[in-house]
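Quick one: the structure is below, and I'll ask about it shortly.
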Amino acid sequence: MRTDAGYDHVDGRGHGDGRWLEYQLQRALRRWGYRAETRQTLFSLEIDVVALREEKQQEPTDWIVAQCKDWQSGTITPGTIFRLCTVAFACRAMPVLCHTTELTTRAEELARQLEVRVLELEDLERGELPAPKVAKPAADLHEWDLQYRVRENRGDFPWLLRREPGKHFSYVPGFEPVGKDCEYEPIDDDDIEDDTHPAAGH
């Protein structure tokens, strides 16, 4: 919950007004090498920030769709994560959530599983776009088992789709997940035609 003094007296902040945080994210993205615009529209849905990397790195993060939640109170629920990811899938972009409040436990879990970049205000001061959170700290002292990793826990495609060519868990067509963390690599056209392996864990 926010306790910032003067929150309602800053232009672009206040109940129902997210312009200030959208602007802060836009500025950060431009510093990180993106062209970024606010208040865009996908069909009938408003997108807070859309960004395109100026010099492509052949990574899914070359394209970004972001939602900003500059709330003084309240928590972000799974519905926010689902909406953001739906818009990101439709735009073939990676999802970013920038917020000044808190996430429910389930919303935080979904954000990890769907590899959403979850940014707080201090993250906008970083030198580059932060990676998604993929592993939780151990709950107990001296617990040495392998850490929870997002791709080990989010399950598979429905079995009818697993062996279909080109079916990969990916926000951007042309990329497939690699490893257990958050890396992706481009898919060759030949790989798409010949791929008959299940997307286990991805």
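What are the pairs, 6+ residues apart or on separate chains, where a residue within the stretch 81-98 that is free of Cβ contacts under 8 Å to residues at least 40 places away in the same chain and over 13 Å from Ala111 (Cα atoms) has its Cβ under 7 Å from a residue that is open to solvent by 10 Å² or more (accessible area, probe 1.4 Å) and of a type in the set (A, V, I, L, M, F, W, C)?
Final answer for the pair search is none.
Hey, among Glu46, Glu59, Glu22, which residue is modelled with pLDDT of 85 or more and loosely packed, with under 13 Cβ neighbours inside 10 Å?
Glu46
Within the set of pairs 6+ apart or on separate chains, which have a first residue in the stretch 16-44 that is of a type in the set (A, V, I, L, M, F, W, C), a second that is open to solvent by 100 Å² or more (accessible area, probe 1.4 Å) and in a helix (DSSP H, G or I), and C-beta atoms under 6 Å apart?
Close Cβ pairs satisfying both conditions: Ala36/Arg30.
Here is a follow-up. If we keep just the residues of the stretch 87-109 that are at pLDDT below 90 and not charged (D, E, K, R), which is surrounded by the fewest Cβ atoms within 10 Å (Cβ to Cβ)?
Ala90
Which of the helices (runs of 4 or more DSSP H) contained wholly in the stretch 1-120 include at least 3 residues that are over 21 Å from Lys133 (Cα atoms)?
Per the criteria, 19-31.
The values are calculated or read from the model by the stated rules, or taken from the named source; none is laboratory data. As the structure is a computational prediction, the values presented were derived from the model and not from experiment. Note that we place each Cβ from the backbone using ideal geometry, even for glycine, and neighbour counts take in every protein chain shown. For the accessible areas, the whole protein counts, side chains as well, though only heavy atoms, and no ligand, DNA or RNA atoms are used. Shrake-Rupley method; radii C 1.70, N 1.55, O 1.52, S 1.80 Å.
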